Amino acid sequence: MRFQDQHIVVTGGTRGIGRAITLAFLREGAHVHATYRGNDEAAEALLADARQLGDPGDAGERLSFAKFDVADHDACEAFWEGLGETPISGLVANSGIRRDGILATMAPEDWDAVIRTNLTGGYTMSKFAVQNMMRQRYGRIIFTTSPAGRFGFEGQGNYSASKAGQVGLMRSLCKEVAKRKITVNCVSPGFIATELLDDLPDDLVAGYKKTVPARRFGTPEEVASAVLYLASPEASYITGTTLDVTGGL
């Protein structure tokens, strides 16, 4: 119950890693505001699972949804305005998309969509989160980045650029808000078994697993555990860093 009565915002909070993060916070007693762009079925399934959590009681009552695109500045602002004076203890900027392609033939709209969702969405949501957290002089902001931002992967120039940008944003923002007892960090999942990998060919998946020293893909729950630690009071002196959850990649 480390997060009892705290309010946490999780963007992209209804599927994959975001879903696991949402459920993990609910198990710890938090009120979770999960945002998503358009998949109502995933939100309904998450709500059903939250209602099955049992103790701490009524987890489903502590879960709320907001349907909007984090790439839309006005929609983000409207979301935060809707929260009013609710003190937000943590923001997990987890929304992310992939539109892979060789850079020489990548469509401009594919570049823009990935940068706007992954990077600009993180900027906008953290901008309003800081305004909320500064009033209470406390907060935790966590970006979900990727080893792609450090290593780069073929066919993912837009994705890699967006993830590298998140780290740079985190490093700058942490210095701006540290005096207000707000920490800003990244968690960097490696190959995690989510729907983002469903479109990869089997031979490519097998090849990727061989590159991981742990010889397996991680689970969303393992990433969620790292996020919970960074969001906890125990992590009060950890800011400006990236926690890899990669199996040794």
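Remarks
- Selection within the range 174-214: residues that are of a type in the set (Val, Ile, Thr) and under 17 Å from residue 151 (Cβ atoms). The member of this set that is surrounded by the most Cβ atoms within 10 Å (Cβ to Cβ) is 187.
- Among residues of the range 4-25, those that are without any contact (Cβ under 8 Å) to a residue 60 or more places away in the chain and under 18 Å from residue 96 (Cα atoms), counted: 2
- Looking at the range 29-115, the helices (runs of 4 or more DSSP H) lying wholly inside it that each contain 3 or more residues that are touching a residue at least 24 places away in the same chain (Cβ under 8 Å), farther than 23 Å from residue 139 by Cα and open to solvent by less than 50 Å² (accessible area, probe 1.4 Å) sit at 40-51, 108-114.
- Among (1) among the polar types (S, T, N, Q); (2) within 15 Å of residue 221 (Cα to Cα); (3) not in a loop (DSSP other than H, G, I, E, B), the one test that residue 14 misses: (3)
- Considering the range 134-249, the qualifying helices (runs of 4 or more DSSP H), each wholly inside and each with 2 or more residues that are touching a strand residue (DSSP E or B) at 6+ places or on another chain (Cβ under 8 Å) and among the aliphatic types (A, V, I, L, M), run over 157-177, 220-231.
- In the range 235-246, the count of residues that are in contact (Cβ under 8 Å) with a residue 60 or more places away in the chain, of a type in the set (Gly, Ala, Ser), buried (at least 17 other Cβ atoms within 10 Å of the Cβ) and within 14 Å of residue 92 (Cα to Cα) is zero.
The values are calculated or read from the model by the stated rules, or taken from the named source; none is laboratory data. Please read these numbers as outputs of a predicted model, since none were measured by experiment. Here the Cβ is made from the backbone with ideal geometry for all residues, glycine too, and neighbour counts use every protein chain on show. The accessibility values were calculated without ligands, DNA or RNA, using every heavy atom of the protein model including side chains. Shrake-Rupley method; radii C 1.70, N 1.55, O 1.52, S 1.80 Å.
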